[in-house]
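Student: Okay, here's the structure, questions in a sec.
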Amino acid sequence: MNLFKNKKFLKGVAYDLVGMATLGIPVIGPFLDLAWAPYAAKKMSEMYPGRKGKLASILVFLEEILPGTDIIPTFTLMYLYTYVWKKEPLKAQVIEVKSH
């Protein structure tokens, strides 16, 4: 499986990088986490629906809110858990084409 061709993997890495970037902003960074945490939790539950996604969204919320935990790549770990370690197949995307 080529991870870098998977949009969900790339999106997760991007969200992890944004979450980690707040560590590098002195004074303002922790306040940015207050805004980022609910957004990251919402995105996690959208990317991974169901019970697994709800649990992951709670974990990413806590990871972003708690000081010093921004370094944990929660989105990437969730991707690895779902598609590499548990080997859940990726869902095929269907593109509908209408002809006139």
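The values are calculated or read from the model by the stated rules, or taken from the named source; none is laboratory data. Here the structure is a predicted model, which is why all the values come from computation and not from measurement. With ideal geometry, Cβ positions are generated from the backbone for all residues, glycine too; neighbour counts draw on all protein chains shown.
Student: Of the residues that make up the stretch 55-67, is at least one among the hydroxyl-bearing types (Ser, Thr, Tyr), modelled with pLDDT of 90 or more and under 15 Å from Met20 (Cβ atoms)? Before the answer, list the steps.
Tutor: Within the stretch 55-67, the first condition is being among the hydroxyl-bearing types (Ser, Thr, Tyr), and the residues that meet it are 57.
With modelled with pLDDT of 90 or more added as a condition, the list becomes 57.
Next, only the ones that are under 15 Å from Met20 (Cβ atoms) stay: none.
Scanning the stretch 55-67, I find no residue that is among the hydroxyl-bearing types (Ser, Thr, Tyr), modelled with pLDDT of 90 or more and under 15 Å from Met20 (Cβ atoms), so the answer is no.
Listed here are the residues, each with its yes/no results for (1) touching a helix residue (DSSP H, G or I) at 6+ places or on another chain (Cβ under 6 Å); (2) in contact (Cβ under 8 Å) with a residue 12 or more places away in the chain.
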| residue | (1), (2) |
| --- | --- |
| Lys7 | no, no |
| Lys11 | no, yes |
| Tyr15 | yes, yes |
| Pro49 | no, no |
| Gly53 | yes, no |
| Ile58 | no, yes |
| Leu66 | no, no |
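Student: Restricting the stretch 68-82 to residues that are more than 9 Å from the chain's Cα centre (by Cα) and closer than 20 Å to Leu34 by Cβ, which is modelled with the lowest pLDDT? Lay out the reasoning, then the answer.
Tutor: Taking the stretch 68-82 as the starting set, the residues that turn out to be more than 9 Å from the chain's Cα centre (by Cα) are 68-72, 80-82.
Pick out the ones that are also closer than 20 Å to Leu34 by Cβ and you get 68-72.
Values: Gly68: 83, Thr69: 89, Asp70: 86, Ile71: 91, Ile72: 93.
Going through the qualifying residues, I end up with Gly68.
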